[in-house]
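The values are calculated or read from the model by the stated rules, or taken from the named source; none is laboratory data. The shown structure was predicted, so the numbers you read here are calculated from the model rather than taken from an experiment. Here the Cβ positions follow ideal geometry from the backbone for every residue, glycine too, while neighbour counts run over all protein chains shown.
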Amino acid sequence: MDTGDYKHLLLAVDFENESEPVIARTQQLRKFFGARLTLLHVVEHVPPAMEYLPLGYSDNVSMPVDLELEEELMALARRQLEALGQRLDVPVGDCLLRVGPTGPVIDETAAEVSADLVVVGSHGRHGLMGLFGSTARSVLRDLGCDVLCVKIERGGVD
Ligand code: AMP
């Protein structure tokens, strides 16, 4: 079993201010291990505008996503991701933007780039119960490599 240094960290980022401690911890580890860092932001599919759905069908009909809105979100996310990449000195090629369900996409990307440590924040804001937030739990469910859940304090940082 290889228990050597971490060589490639994958940081899942959501651009929330409260994620700064997650970024700081990742930078600490990156420096300590001299590891490569890949940044990943996932844009979830945009749900269709509910007012355009026929009455009574909203629960059952699968509508195509609003492509323009999704393109706008992608462009905005790309700008935020590249700004973060610049701040952290991560090359553009290691700033990945993906579309899909956040947890599974984090897992897939970790396997794709052969990351040996995935870093996510965890505050349980969306979780009904349990120690981890929903994204962290989803990543842990399909564990392909080590995962570090950095605790995010409620209310975030100043
Ligand atoms: P949660 O408690 O489910 O809000 O998860 C918080 C953590 O999940 C964040 O600190 C990020 O590490 C990760 N995360 C949440 N949303 C995204 C996203 N859209 N793209 C990448 N990572 C995300």
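Tabulated results
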read-out	value
Cross-chain or 6+ apart pairs with Cβ under 7 Å, region 146-157 first and assigned to a strand (DSSP E or B), then modelled with pLDDT under 90	V147/V139; V147/L140; C149/S122; C149/F132; C149/A136; V150/S122; K151/S122
Conditions (1) at pLDDT 90 or above; (2) part of a loop (DSSP other than H, G, I, E, B); (3) more than 12 Å from the ligand (Cβ to nearest atom); number of the one not met by V65	(1)
Matching residues, region 1-24, being within 19 Å of P91 (Cα to Cα) and outside any loop (DSSP other than H, G, I, E, B)	H8, L9, L10, L11, A12, I23, A24
Residue match in region 75-82 (condition: touching a Ser or Thr at 6+ places or on another chain (Cβ under 6 Å) and at pLDDT 90 or above)	no
